[in-house]
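A.B. asks: Take a look at the following structure, please.
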Amino acid sequence: GEEEGYFVHSYYAPIVEANKDWVLTSTVYEGVQYISSVQKGSIVATQFHPEKSGTTGLAIIKGFLEAVEQGTLSTSTPITVPANATTKLVKRVVVALDVRSNDHGDLVVTKGDQYDVRESVEEGNKGRGGVRNLGKPVSLAGRYYEEGADEIAFLNITSFRQGVIEDMPMLQVLEQASEKCFVPLTVGGGIRSYTDPESGMVYSALEVASRYFRAGADKVSIGSDAVHAAEAYIQTNTKNGTTSIEQISNVYGVQAVVISIDPKRVYLSTEEEQLAAQTKNHVVVDLSQDQQGPNGERKCWYQCTVKGGREAKDICAVTVAKACEALGAGEIMLNCIDMDGQCQGFDLALMNAVSGAVTIPVIASSGAGKPEHFRTVFSETGVQAALAAGMFHRKEVGIDEVKKHMHANGVPSRKSYLLNQ
């Protein structure tokens with residue numbers, strides 16, 4: 001069929017003589033046939049996640065419950081897979097919800113322009129404008145699920161001001177969203193060890209992540225803490241098991257750990273500047289003419305930042321990505337401060353540089369403004385997913401438009417959302 005399931009793990013169970021009686025369905029990927037679901041009497045288990053597979057998964061769960069109610073479950077027969085069957089990964093469209101408190105204390109979805117989330121004010125007025133309010137997080141997440149988003153990411157952009165354990169509004173957002181959104185949910189912001197200033201209690205990154213997982217998250221996104229972990233790993237070239245990446249991936253698996261990298265371009269105008277960058281092990285990247293610098297620069301390196309882009313570190317995005325993969329990260333969310341909010345397309349040079357340096361999936365972020373940008377980043381780079389926010393929030397482009405454009409141009413995407421239309 002044309003339906004897609006959400007497979008998340010890197011392991012598989014082969015079909016052997018001893019388990020043949022249990023096999024309900026099997027899947028073929030890259031020439032390997034493996035068990036994707038088993039059944040024995042009234043017991044059914046799946047290797048994939050039906051509860052995260054959208055309408056397809058809900059149909060599977062409904063069929064199971066109806067078979068239990070009708071007493072026909074034990075008579076189910078295995079589904080035969082044709083010998084020439086093939087399975088391929090589809091490209092994912094991810095919607096990001098930047099969540100923060102506005103000036104009235106309400107939790108809202110906002111969107112920055114190069115990471116500035118406040119409205120501009122007229123010349124002559126003092127101060128800055130209010131926080132840009134684009135809607136309520138739970139209702140927006142529900143809307144995006146219905147429209148066909150493959151994943152939804154909640155990015156808590158004010159979490160550095162308080163600990164996650166006390167962040168009840170954000171936890172409630174996750175709990176409520178998971179009740180109506182049957183696709184993977186990622187949450188980021190504040191995934192780190194910290195000490196409560198009032199009680200003196202020390203919470204590990206694992207405890208913080210666990211609280212998010214219990215609230216409904218499938219993955220956690222680590223930002224600044226990942227850069228610090230990468231710096232320490234590069235200095236010693238050893239893993240000590242204490243970083244947030246290691247703590248969480250060792251318990252929940254690498255697929256549960258996403259690294260969010262916020263780099264900005266450092267343009268190189270001379271050979272001396274290029275040599276100086278390479279001496280510091282920064283990966284120098286060639287820029288195409290349509291993505292060159294403001295003064296025609298055709299080379300740059302991508303400098304990582306922390307604290308929401310406010311502090312630059314002397315380490316490049318490629319180096320951080322490789323180090324975090326070695327520490328146990330399972331996915332990279334790759335942003336670009338220069339492209340953020342510009343709607344001019346993703347930074348293709350950055351996406352190629354990082355996706356070519358790691359073996360884990362990369363999510364392209366920052367710069368999407370029209371469906372063509374998704375097709376381009378999927379066709380011309382090695383990323384597995386692409387993320388957008390503002391163009392969806394403002395209803396300038398629909399998720400269905402992006403999916404249809406991808407399909408028309410031969411880019412595989414999840415189509416099961418069409419079952420609702």
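The values are calculated or read from the model by the stated rules, or taken from the named source; none is laboratory data. If you're wondering where the values come from, they're calculated on a predicted model, not measured in any experiment. Every residue, glycine among them, receives a Cβ derived from its backbone with ideal geometry; neighbour counts consider all protein chains shown. In case anyone asks, the SASA skips ligands and DNA or RNA and just uses the protein heavy atoms, side chains included. Shrake-Rupley method; radii C 1.70, N 1.55, O 1.52, S 1.80 Å.
A.B. asks: Between helix 224-236 and the chain, what is the angle of the helix's C-alpha long axis to the longest principal axis, kept within 0 to 90° and rounded to the nearest 10?
C.D. replies: In the chain, helix 224-236 runs at an angle near 80 degrees to the longest axis.
A.B. asks: Using the Cα gyration tensor of the stretch 313-382, with a ≥ b ≥ c the square roots of its eigenvalues, what is the shape: rounded (a/c below 1.5), prolate (a/b larger than b/c) or oblate (neither)?
C.D. replies: Since a/c reaches 1.5 and a/b is larger than b/c, the shape of the stretch 313-382 is classed as prolate.
A.B. asks: Using modelled amide H (1.01 Å from N, peptide plane; none on Pro or chain starts), what sits under 5 Å from the amide H of Asp98, excluding residues fewer than 5 places away?
C.D. replies: When sequence neighbours closer than 5 places are left aside, the close amide H contacts are Thr110, Leu155.
A.B. asks: What ³J(HN,Hα) values, in whole Hz, does the Karplus curve 6.51 cos²θ - 1.76 cosθ + 1.60 give for the stretch 240-254 when θ = phi - 60°, with x put for Gly and Pro?
C.D. replies: Those phi angles translate into 10, x, 9, 5, 4, 4, 5, 4, 6, 5, 5, 9, 9, x, 5 Hz.
A.B. asks: Still on this model: Given 0.36 nm per residue, what is the gain on full extension from Arg394 to Gln278 after removing their alpha carbon distance, in nm?
C.D. replies: 37.6 nm
A.B. asks: Using a Förster distance of 30 Å, how high is the FRET efficiency between Thr242 and Ala13, based on the Cβ-Cβ distance and rounded to 0.05?
C.D. replies: That pair, Thr242 with Ala13, gives E of 0.35.
A.B. asks: Only sites in a loop by DSSP and with at most 16 other Cβ atoms within 10 Å count here; which GluC sites (Glu not before Pro) in the stretch 270-340 make the cut?
C.D. replies: Glu297
A.B. asks: For helix 54-70, report the angle its Cα long axis makes with the longest principal axis of the Cα atoms of the chain; keep it between 0 and 90° and round to the nearest 10°.
C.D. replies: Helix 54-70 sits roughly 30 degrees off the main axis of the chain.
A.B. asks: May I ask you to compute the full-extension gain from Met201 to Asp314, defined as 0.36 nm times their residue separation minus their alpha-carbon distance, rounded to one decimal in nm?
C.D. replies: 37.4 nm
A.B. asks: Can you compute 3J(HN,Hα) from phi for each residue in the stretch 88-95, using the Karplus curve 6.51 cos²θ - 1.76 cosθ + 1.60 with θ = phi - 60°, rounded to whole Hz and x for Gly and Pro?
C.D. replies: 3J(HN,Hα) across the stretch 88-95, in whole Hz: 9, 6, 8, 7, 9, 9, 10, 10.
A.B. asks: Roughly speaking, to the nearest percent, how much of the chain's 1.4 Å accessible area is carbon and sulfur?
C.D. replies: It is 49 percent, rounded to a whole number.
A.B. asks: Given axes a ≥ b ≥ c from the Cα gyration tensor, I'd like to know whether the stretch 234-391 is rounded (a/c under 1.5), prolate (a/b larger than b/c) or oblate.
C.D. replies: oblate
A.B. asks: Expected output is a single nm value to one decimal: the length gained when fully extending between Val251 and Glu179, i.e. 0.36 nm times separation in residues minus the C-alpha distance. What is it?
C.D. replies: Length gained, Val251 through Glu179: 23.5 nm.
A.B. asks: Using θ = phi - 60° and the Karplus form 6.51 cos²θ - 1.76 cosθ + 1.60, what ³J(HN,Hα) does each residue of the stretch 178-190 get, whole Hz, x for Gly and Pro?
C.D. replies: These are the phi-based 3J(HN,Hα) values: 5, 7, 10, 10, 9, 9, x, 10, 10, 10, x, x, x Hz.
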